[in-house]
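The values are calculated or read from the model by the stated rules, or taken from the named source; none is laboratory data. Not measured: the values here are computed from a predicted model. Note that each Cβ is placed from the backbone with ideal geometry, even for glycine, and that neighbours are counted across all protein chains shown. Only protein heavy atoms, including side chains, enter the accessible area calculation; ligands, DNA and RNA are left aside. Shrake-Rupley method; radii C 1.70, N 1.55, O 1.52, S 1.80 Å.
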Amino acid sequence: ARRSGPPISTRVERRMAPVAGFFSGMTNGALGASGPVAGSFLLAIGLRGREFIFGISFVFVFQALVRIGLFAAQGQYTGQLALIGLALLVPTMGGQAVGLRLQARANPQVFQRILLSVLFVSSMALLIRGAQGMLAWLTGG
């Protein structure tokens, strides 16, 4: 549920949404990981608990559909790869169900701390990966 007053105003939220969307898409396209950008924005606008989970899931599904369309248009899918992807849906749905149950039972403050910790670690990993890539590009390696 949303807090009584989101950390940023609705006006700022509306202005920042396209910026957050662009950088979320860019990090998803370049690194395959948009969670730190999208998750940070959703937290900044005050989404909590199930609203946060719904919001981040919606972002991931939409980005996956865009990526699937782009890869399909480029002919990058094989029958075997499609079957592997479909086979992964069953354990993914099971994991989602377990995760939702755990989140429902978790203390909201504990859930928030865990979420912020995961976002921090993910962000640091992306920064390190990006810095390593930039260094390799600069040195020609």
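A few remarks follow.
- All of (1) open to solvent by 80 Å² or more (accessible area, probe 1.4 Å); (2) outside any loop (DSSP other than H, G, I, E, B); (3) among the small types (G, A, S) hold for G141 with one exception: (2).
- First in the range 120-141 and under 29 Å from G39 (Cα atoms), second anywhere and in a helix (DSSP H, G or I) and of a type in the set (G, A, S), Cβ under 7 Å, 6 or more apart: S122/G35
- Check on F41, within 26 Å of Q132 (Cβ to Cβ), open to solvent by 80 Å² or more (accessible area, probe 1.4 Å) and within 19 Å of the chain's Cα centre (by Cα): no
Yes/no matrix, rows are residues, columns are (1) aliphatic (A, V, I, L, M); (2) not in a helix (DSSP H, G or I):
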{"residue": "G75", "(1), (2)": "no, yes"}
{"residue": "A82", "(1), (2)": "yes, no"}
{"residue": "G85", "(1), (2)": "no, no"}
{"residue": "L116", "(1), (2)": "yes, no"}
